[in-house]
Structure formats: structure tokens, C-alpha cells
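Reviewing the structure listed below.
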Amino acid sequence: MSDRVGLVVCPEVRIYDHGPQHPLRPDRVLLTWDLIRAYGLDAASNVHVLRAEPAADDVIGLVHTPQFIDATRRAGQGEEGDFSRFGYGPGDNPIFPRMHEAGALVVGASVAAARAVWEEGFDHAFSAAGGLHHAMPARASGFCVYDDPAVAIAWLLGRGAGRVAYVDVDVHHGDGPQAIFYAEPRVLTVSIHESGEYLFPGTGFPEERGAGAAEGTKVNVPLPPGTGDAAWLAAFREVVPARVREFRPDVLVTQLGCDTHATDPLAHLRLTTGAYREAAKILHALAHEAAGGRWVATGGGGYQWARVVPRAWTIYFAEMAGALDGLPDELPEGWIEEAEFRLRGPVPTTLSEEPAP
Ligand SMILES: [Zn+2]
């Protein structure tokens, strides 16, 4: 019996937009849904498209302070003032219109994925709009307004999940969920990333292991710049399955950032889509083996918004839907045209690619 899989789609998320100069482009999520559709993955008999509503303040409040939510709302409505103590201002987190509504929708989408898996009988669910893992309880950070992975985890704990395992493959350390659950023994966080010696947010070292009863439940694998597919997969295989199995979670939550790619403009690892294919297979098998098949996945970083992100997340979703092996390597013509029109430049025409030199 094939898995029952949910795909959370909410085009309104295009309002999560810091402006044309900002590296985090909403197009990356929109083009991902377009590619999944172009491949017909959303029409598969075991795939259900799920809608999402903006999360209410009490849900966002599972992680974030009322003062921060209020400030985010006021700043996004254009209120004058200094919001720098909430992380807003020039640089990574410029204020943009409807910032609260945008952040609340991203949270709503990740919670919709968690609800589908925990309460609606889905095995797996994917929200490409999510993965904003740098936001802290009282501060925006690293392009992230509200920390949707952390809220989804807190929501699961609130709905009776005994243990949740969080695996973060973004090139940047998953500092938000780690900090938010640092003293929470019911949450395992495993982050594999480029070392904080070289990259934002500058944390994520092995000695960050959790506090109190939670000591040992926070795991970090920092990697040197230039790390490619083989070394990354070796480290991933060495750490992730064993730690998740040992933790025996009720749900596996994964952040699938692909700014690890060799061509990503913001970081220095050298992965290719070949590594994403392998990671997808390992995580899928692990979800079934260690978490009763319950797998909630979000997007994350990825700044080659047309050339890499849609292909990477389509690979992950196709694996979730049990369709990866049969998926044509050649991308659908219509999608290539659309992506090249938006990018005003060429995009790769296959899912696979040569290993990075
Ligand atoms: Zn990132």
C-alpha cells in the first residue's frame, strides 16, 4: 500500500517577500509547486493537495512572545518606529508590508503539514514554504520572521506527541529549534551544516548538546567549506539514522534547505542534486523505520531560486510520494520555459547533474 502523502500549497505565500534585492525569493516556492505539478506528482492517487490558513496568534505564541508578534504586526502595517530590538531593520530582515500575515501563513502551512500527519492519517506531508529556522522567540533573524519548524514541533508536543526528532540539512545551523528546545528532552535536534566559523549564524558546534534533562538531545555536525557530496553523505549517514533510531520519535520533522548546493551564492558547500536524492531516500526509510512513517517536511534555505531549489524539493517530494525512481530526469519543457522567463536566463534541463568539480 503506497504512503498517503500531503502537499501543502498556499500561493498567497508570495507575500513573504523582502523585496527585489533580497536573496530569499518567493519564486523559489512557487516554481517548486509548478515543477511538482508539471511532473504530475500532485495528481498521483496517493497525493493530496492541502490548503493552509494563517496561524492564529495563540499558535504562533507557542514559540514567540506576544510583544514580538505585536511588533511584527505593527511594523508590517507601516507603523513608524525602531523595531531593531525585534531583529528588524536594514540587512537580513528588512521590514516588508504584511510581514505578520506572511509569517503567519508560513507557520499555518507547516502546522497544516504536522496536523495532516498527526491527526489526519497522512504518512508524510511537505510544506515547501516553510523552514524559517533562524527566528527566535522574541527576534527575527536570517530572513526568518516566525520559526515555523519550531512552532510545528511545539504544536505536535501540545497535541500529545511524546518525542519529536528534528533533522535540519540546511547549510546554516538550525539555531532556532535548537535554542527554543534547548532544555526540552522530548525534542531531538540534529543539524548538519557549514561550520559557524565561516558562516551565519556562527553557532552549531558539537559542544552545544542541550541543557539539564535535555543534555545530549541537541546534535551538531559542522562541516568545512568545500565539503562535497561524498563527505557530506558520509557524515549524514554516520550521525542522522543512528541518533534518530536511538531517540524513537513519534514524528520525524525535517528542514530541507538546499543552500548547500555548489552554486548557491550565500554559502560554501559543494553539494549536487545527487546528494539530495540520497538524503531523501535515507530520511524516507528512517521515517518508516523509526517514526511509524510519520514524516513532516519543510523547505528552508536555497538562493539559486530557479536553477536549484525547485529541482531539489521536487526530488525530495517525489521520494516522499514513492515516485522518485520512475521520475523522468528530463524536466518538463513547459516548466523550463516558465523558469527561464522568470529568471531571464538558462536553467538546467535535468534533475541530475555532474558532481561539482
Ligand atoms: Zn540556510
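The values are calculated or read from the model by the stated rules, or taken from the named source; none is laboratory data. Quick caveat, the model's predicted, so the values are computed rather than measured. Because the Cβ atoms are built from the backbone with ideal geometry, glycine has one as well, and the counts that use them run over all protein chains shown. Side chains are part of the model used for accessible areas, which takes the heavy atoms of the whole protein and leaves out ligands, DNA and RNA. Shrake-Rupley method; radii C 1.70, N 1.55, O 1.52, S 1.80 Å.
For the range 123-232, the list of GluC sites (Glu not before Pro) that fall in a loop by DSSP and count at most 11 other C-beta atoms within 10 angstrom reads E197, E207. Close amide-amide hydrogen proximity is noted between L223 and H193, E194, S195, each under 5 Å apart and 5 or more residues distant or on a separate chain (H modeled in the peptide plane; Pro and chain starts excluded). Ratio of Rg to Rh for the range 234-357: 0.99 [Cα atoms; Kirkwood radius as inverse mean 1/r over pairs]. For the chain, with a Gaussian network of springs between Cα atoms less than 10 Å apart, report the residue from A235, A140, A113 with the top mean-square fluctuation. With Cα springs under 10 Å in the chain, the top fluctuation among A235, A140, A113 is at A235. Using a probe radius of 1.4 angstrom, the carbon and sulfur fraction of the accessible surface of the chain is 52%. Applying the criteria of a DSSP loop state and at most 10 other Cβ atoms within 10 Å to the GluC sites (Glu not before Pro) of the range 1-98 yields E80.
Within the chain, DSSP assigns beta bridges of which about 10% are antiparallel (rounded to the nearest 5).
Evaluating 6.51 cos²θ - 1.76 cosθ + 1.60 at θ = phi - 60° for every residue in the range 326-337, the Karplus couplings come out as x, 7, x, 6, 5, 6, x, 3, x, 5, 4, 4 Hz, glycine and proline recorded as x. Under 5 Å between amide hydrogens, built in the peptide plane, is the criterion, and for H48 it picks out V5, G6, L7 among residues at least 5 positions away or on other chains.
When both the range 66-89 and the range 273-309 are represented by their alpha-carbon centers, they are found 33 Å apart. Backbone phi angles across the range 351-356, fed through the Karplus curve with coefficients 6.51, -1.76 and 1.60 (θ = phi - 60°), yield HN-Hα couplings of 6, 7, 8, 5, x, 5 Hz in residue order; Gly and Pro are listed as x. Over all pairs of different C-alpha atoms in the chain, the reciprocal of the mean inverse distance, the Kirkwood hydrodynamic radius, equals 19.9 Å. Computed from backbone phi with θ = phi - 60° and the Karplus coefficients 6.51, -1.76 and 1.60, the 3J(HN,Hα) list for the range 225-238 is x, x, 4, x, 3, 4, 5, 5, 5, 4, 5, 4, 5, 5 Hz; x is used for glycine and proline. Cα centroid separation, the range 38-60 to the range 135-201: 22 Å.
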